[in-house]
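Novice: The structure's right below; bear with me while I get my questions together.
The values are calculated or read from the model by the stated rules, or taken from the named source; none is laboratory data. Here the structure is a predicted model, which means the values were calculated and not measured. Here Cβ is always computed from backbone atoms with ideal geometry, including for glycine, and neighbour counts include all displayed protein chains.
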Amino acid sequence: MSIGDDLDWVQSRLQDNEALWTREELLRYYNDGYRRIMSESAAVTRFTVLDVPGRFSYTYCYDWEAKEVSGTMLQVMFPCKSGAYVSTYLWEAQELDGVTTVNSQPGLTQLWEMSEIGSVDHHFQFGLPKSHDHIKRIAYDDELLLPVAVKELDWSDQIWFRAPGEPRWWTSGVGRNRDFEIYEIVTAYSQGYAQMDSDNGIPRQFTGDRTYSASPDSSVPNNAYAYTTSGDVDGLTADLGGFGVRITIQANDAQKTFCTQQWEADQLNGNTLSTGAIVGCFNFESIYGASVGPYAVGCIRSIISPDREYLPMMSGAAPDLMYGSIREFKSSALSVSVIETVIPDLPLTEDDLPGLIPAQMQKYLRYYVLATAYAKQGEGQRKDLAEHYEMRFQRGIGVLARIGWITRMDRVYVREEITETVVRPPRVRLPVHYPVVLY
């Protein structure tokens with residue numbers, strides 16, 4: 001059922017044709033109940049991987065600018081004079097506020113610039129998406145970080161947000177909502193995957209130190225034609241009724257020569273010569289010993305490796321629907337990985353579905369709409385019915401929370417492998433002249 005169908009059901013129970021409760025009002029109640037059940041049950045979690053130093057969608061100077069943009073935001077200026085002014089350097093804010101000035105660190109626009117300029121006066125912050133509700137676990141380079149209060153760090157008598165070292169703790173920080181900080185900080189620039197021209201479409205090719213090979217789906221049809229150079233395809237004037245495959249290898253010489261055999265490309269590239277092979281143009285030639293295919297047709301749908309785990313994550317309102325193409329690649333190595341609970345980040349319309357919960361749980365959202373409608377002051381107020389449907393909605397929160405608890409109990413906890421020998425500490429031995437109590 002869509003949200004519109006749920007609201008039809010609610011109106012039938014209210015026996016009201018928008019005389020007391022408008023359709024827009026009921027839709028607002030529905031969205032409120034959706035966010036509330038997701039927040040209080042904390043049943044839906046996801047992984048979020050953040051590069052180090054933290055990346056933000058926008059940086060701003062004044063608070064009013066934050067209202068004009070969406071995404072993660074970071075204030076790169078220092079407010080002073082009760083927010084009437086902002087300054088680039090910390091000493092400027094101190095001068096305007098009439099306090100003793102000190103030597104300031106360089107200013108910046110984005111935190112990743114710390115890898116070039118070193119220490120700054122800004123906090124080492126990380127921003128989380130708008131759908132974030134609260135944090136369950138944070139790790140750096142797959143090592144667990146423990147939470148700590150900002151007050152405890154302030155008691156350390158040091159500028160803790162500039163202390164370099166290995167990250168050990170995380171705190172909710174002193175910035176805006178949906179951000180956190182880690183202590184100690186790592187200013188070296190790291191990025192799991194560099195996505196070239198990512199604004200122009202989906203990834204088509206992988207390059208790097210690892211070896212990648214494409215494995216097409218079994219439904220991929222045979223090729224219609226074969227060609228040797230890119231000029232052959234550019235010169236085609238007729239549709240050959242299918243896709244083509246290039247049977248040559250392009251060398252790295254100045255002319256970018258196309259070679260039929262791998263040993264020819266090795267000779268032009270200055271590499272050790274490999275053995276030759278029979279080159280085929282179509283699939284059926286494989287029965288004669290020719291090397292044909294496989295053909296990687298289409299976009300990347302999944303990545304599989306025996307050495308590491310790849311986890312697909314969805315960023316939309318319905319993470320259980322694994323449809324579409326891969327838009328972004330992240331790695332937990334030398335990065336901050338967060339396990340967070342999420343809530344809906346955008347208000348839904350009547351044509352949408354509350355995809356973060358099972359379809360069977362939608363009835364509890366209908367109960368919330370009825371409870372809120374009956375609790376509204378006015379002619380339609382019925383406090384007894386409002387309390388009744390509120391109790392039903394609370395039952396739904398408990399059911400959804402219990403589902404999350406089952407998945408938590410199913411986890412297998414193991415100790416981390418320790419390579420060094422661990423011995424039991426010696427018992428305390430008191431000196432011989434220590435006083436003794438005689439009975």
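Novice: What are the pairs with Cβ atoms under 9 angstrom where one residue, in the range 380-401, is under 29 Å from residue 341 (Cα atoms) and the other, located anywhere, is in a helix (DSSP H, G or I) and of a type in the set (Asp, Glu)? Sequence gap at least six, or different chains.
Specialist: As it stands, the answer is 394/40; 397/40; 400/40; 401/40, since those pairs meet every condition given.
Novice: Hey, another quick one. Take residue 47 and decide whether it is surrounded by 15 or more Cβ atoms within 10 Å (Cβ to Cβ) and of a type in the set (Phe, Trp, Tyr).
Specialist: Working: surrounded by 15 or more Cβ atoms within 10 Å (Cβ to Cβ): no; of a type in the set (Phe, Trp, Tyr): yes.
In short, no.
Novice: Quick check on this structure: which one of 216, 221, 167 is at pLDDT below 80, surrounded by 12 or more Cβ atoms within 10 Å (Cβ to Cβ) and assigned to a loop (DSSP other than H, G, I, E, B)? Step through it out loud before you land on a result.
Specialist: Details: 221 fails: surrounded by 12 or more Cβ atoms within 10 Å (Cβ to Cβ); 167 fails: at pLDDT below 80.
Residue meeting the stated conditions: 216.
Novice: Return the residues of the range 244-263 that are farther than 22 Å from residue 282 by Cα and among the charged types (D, E, K, R); say none if nothing qualifies. Let's see the steps before the verdict.
Specialist: We begin by selecting, within the range 244-263, every residue farther than 22 Å from residue 282 by Cα; these are 251-257.
Selection gives 253, 256.
Novice: OK, next. Is the range 73-85 home to any residue that is assigned to a loop (DSSP other than H, G, I, E, B), in contact with a Leu (Cβ under 7 Å, 6 or more places away or on another chain), surrounded by 18 or more Cβ atoms within 10 Å (Cβ to Cβ) and of a type outside the set (Lys, Arg)? Working first, answer last.
Specialist: Applying the first criterion (assigned to a loop (DSSP other than H, G, I, E, B)) to the range 73-85 yields 76-77, 81-84.
Then keep just the ones that are in contact with a Leu (Cβ under 7 Å, 6 or more places away or on another chain); that gives 76, 81.
Next cut, surrounded by 18 or more Cβ atoms within 10 Å (Cβ to Cβ) only: 76.
Filter again for of a type outside the set (Lys, Arg), leaving 76.
Within the range 73-85 (the criterion being assigned to a loop (DSSP other than H, G, I, E, B), in contact with a Leu (Cβ under 7 Å, 6 or more places away or on another chain), surrounded by 18 or more Cβ atoms within 10 Å (Cβ to Cβ) and of a type outside the set (Lys, Arg)), the answer is yes, since at least one residue qualifies.
Novice: Moving on. Can you find a residue that is assigned by TED's automatic domain parsing to the domain that holds residue 75 and free of Cβ contacts under 8 Å to residues at least 60 places away in the same chain anywhere in the range 136-144? Even if it seems obvious, please write down each step before you answer.
Specialist: Going residue by residue through the range 136-144, those that are assigned by TED's automatic domain parsing to the domain that holds residue 75 are 136-144.
Those left that are additionally free of Cβ contacts under 8 Å to residues at least 60 places away in the same chain: 143-144.
Yes: the range 136-144 contains one or more residues that are assigned by TED's automatic domain parsing to the domain that holds residue 75 and free of Cβ contacts under 8 Å to residues at least 60 places away in the same chain.
Novice: Looking at (1) of a type in the set (A, V, I, L, M); (2) exposed (fewer than 13 other Cβ atoms within 10 Å of the Cβ); (3) in contact with a Gly (Cβ under 9 Å, 6 or more places away or on another chain), which is the one condition that is false for residue 99?
Specialist: Against the list (1) of a type in the set (A, V, I, L, M); (2) exposed (fewer than 13 other Cβ atoms within 10 Å of the Cβ); (3) in contact with a Gly (Cβ under 9 Å, 6 or more places away or on another chain), residue 99 comes up short only on (3).
Novice: Right, next: Do you know which of the residues in the range 234-281 that are without any contact (Cβ under 8 Å) to a residue 12 or more places away in the chain and β-branched (Val, Ile, Thr) is farthest from residue 223 (Cα to Cα)? Outline the logic, then answer.
Specialist: Taking the range 234-281 as the starting set, the residues that turn out to be without any contact (Cβ under 8 Å) to a residue 12 or more places away in the chain are 234-239, 254-257, 259, 266-267, 270-273.
With the extra rule that they be β-branched (Val, Ile, Thr), the set shrinks to 237, 257, 272.
On the way: 237: 18, 257: 24, 272: 32 Å.
Going through the qualifying residues, I end up with 272.
Novice: Okay, next question. Residue 325 passes all but one of (1) touching a Cys at 6+ places or on another chain (Cβ under 7 Å); (2) modelled with pLDDT of 90 or more; which number fails?
Specialist: With (1) touching a Cys at 6+ places or on another chain (Cβ under 7 Å); (2) modelled with pLDDT of 90 or more applied to residue 325, the lone miss is (2).
Novice: While we're here: Quick one: how many residues across the range 86-105 are among the charged types (D, E, K, R) and in a loop (DSSP other than H, G, I, E, B)?
Specialist: Of the residues in the range 86-105, 1 are among the charged types (D, E, K, R) and in a loop (DSSP other than H, G, I, E, B).
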